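The values are calculated or read from the model by the stated rules, or taken from the named source; none is laboratory data. Quantities reported herein were computed from a predicted structural model and do not represent experimental measurements. Positions of Cβ are backbone-derived with ideal geometry, glycine not excepted, and every protein chain shown enters the neighbour counts. These area figures cover heavy atoms from the full protein model, side chains too; ligands, DNA and RNA do not enter into them. Shrake-Rupley method; radii C 1.70, N 1.55, O 1.52, S 1.80 Å.
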Amino acid sequence: MTDTDLESLYAYPADRTWVAANFVSSVDGAVSVDGRSAGLGSPADKKIYSLGRELSDVVMVGATTVLVEGYRGARRERPLPIAVVTARGSLTPDLPLFTDTEVPPIVITCAAARMPALPADVIVAGETEVDLPLAVSELAARGLGRINLEGGPRLFGSMVAADLVDALNLTVSPLLAVGGASRIATGPVVPPVDLTLASVLRADDVLLLRYLRRNSS
């Protein structure tokens, strides 16, 4: 497919808030190899990962993923803010997320978190836990309604539980990882969410799947 075709296929709908989750997993469901998602990556996956950022207004990611994956700030022609979700105040101002960026990150937290002073736009959503529907509303109020959710599994699971995920872009890497790696979503038990398969692409042995929540349009 051409780049234009891909952009059309993965485009966000106009005039509404939309959360698209982007994940890669092994055939047997592992979300990482040796603790990081890079071990599952491929050129095709990297292309969809980059496309997700190009089409969105903001990247939403959990603090643990930021620390484990070594996230840096936005450095590109259209700097994309990164919104980090943390209820524990685990971020520090010396992280590359804050020191290597062209646009201040957003930190989404709760009132009970003991947060150090950070060079960021801080959104307080909730008292003892992060109120995710409020967090999404606050992002949309800033003109950041096209949300690219990059993980990790705990945040994704919480977003699913809060009925906030509209689409899932899932790359299936041709590996059997075994081990104790997490699934792409973890968290509280919730009723299964009904999805519809919107597209299937193949790049060599890699599958690129796009699912939509059945009641999303």
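Count of the stretch 93-122 residues, restricted to those that are open to solvent by 40 Å² or more (accessible area, probe 1.4 Å), farther than 21 Å from V136 by Cβ and among the charged types (D, E, K, R), is 3. Within the stretch 140-158, the set of residues being among the aliphatic types (A, V, I, L, M) and crowded, with 24+ Cβ neighbours inside 10 Å comprises I147, L149, L155. A203 meets each of the listed conditions (1) out of contact with any Cys (no Cβ under 8 Å at 6 or more places or on another chain); (2) of a type in the set (A, V, I, L, M, F, W, C); (3) modelled with pLDDT of 95 or more; (4) open to solvent by less than 60 Å² (accessible area, probe 1.4 Å) apart from (3). Looking only at residues in the stretch 123-137 that are open to solvent by 60 Å² or more (accessible area, probe 1.4 Å) and of a type in the set (A, V, I, L, M), the one that is farthest from the chain's Cα centre (by Cα) is V124.
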